[in-house]
Amino acid sequence: MRHAKSSWDDPTLSDHARPLNPRGRAAATAMRRMMHDVGLAPDLVLVSSSRRTLQTLEALEPWDDTPLVEPMDTLYLAPPELLFQALHGVAETVRSVLLLGHNPGLHDLALQLAGPGEGLMRHRLGEGFPSGALAEFNIAGTWAGLAAGGGRLTRFVGPRDLPPADDAN
């Protein structure tokens, strides 16, 4: 998952310290509702240490079963090679991981995992990975052995695909 939309309002903040803007908070809330509705609940969350990724994670909570959360400095603006390394370090007992990070590395990772393919979801993924979007993959094999083409894209959803959070009732 890519962090939700962040604010550029305070030019004195470092990129790492930028918070979510109101649109980003609303989008993350809509994504939380969608994830809950379809039963997506990670065992482990690997999250960049940036303020906007941590705030996106906060907006996804609470979970029915609280996952282990690992904030990682190495995920901040990480290229796909470092994202693969983080996934390779996941214990084999972990069934599901939410990797919460940044573009362009996250988009590149998703494209590499999905490999070449047909279909609307793969086509949409190829067009971009918007703020707050989630790509879900089924992974064959082990975390340690995960490589390009090792995932099957089963869901690609962005905040704009969902009704506004105010429509939750």
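Every number in this text was worked out from the coordinates using simple rules, so none of it is lab data. Bear in mind the structure is a predicted one, so any value in this text is a computation, not a measurement. FYI the Cβ positions are ideal-geometry reconstructions off the backbone, even for glycines, and counts take in every protein chain you see.
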Taking only C-alpha pairs under 8 Å that are 6+ residues apart, what is the relative contact order of the chain in percent? 27 percent
Distance between modelled label sites at residue 144 and residue 69, nm, 7 Å Cα→Cβ extension: 2.9 nm
Below 15 angstrom from the Cβ of residue 128, what's the summed charge of the other residues (Lys, Arg +1; Asp, Glu -1)? +2
Compute, for the chain, the length of the dipole vector about the Cα centre, with Cβ point charges of +1 (Lys, Arg) and -1 (Asp, Glu) only. Units Debye, rounded to 20. 340 debye
Which of 8, 143 has the fewest other C-beta atoms within 10 Å, and how do the rest follow up to the most? 8, 143
Counting only helical runs of four or more DSSP H residues, what would the 222 nm mean residue ellipticity of the chain come to if each run contributes -39,500 (n - 2.57) and the total is spread over all its residues? -9500 deg cm²/dmol
Counting every C-alpha pair in the range 15-167, the percent lying more than 24 Å apart is 28 percent
Of the listed peptides 69-76, 119-126, what is their order by residue-averaged count of other C-beta atoms within 10 Å, with the highest listed first? 69-76, 119-126
Which order do the peptides 83-93, 25-35 come out in when sorted by mean C-beta neighbours inside 10 angstrom, highest first? 25-35, 83-93
Cβ under 12 Å from residue 63's Cβ, residue 63 left aside: what net charge do those residues give with Lys, Arg +1 and Asp, Glu -1? -4
Looking at 162, 97, 79, which one has the Cα that reaches farthest to the positive end of the dipole of the chain (charges on Cβ: Lys, Arg +1; Asp, Glu -1)? 162
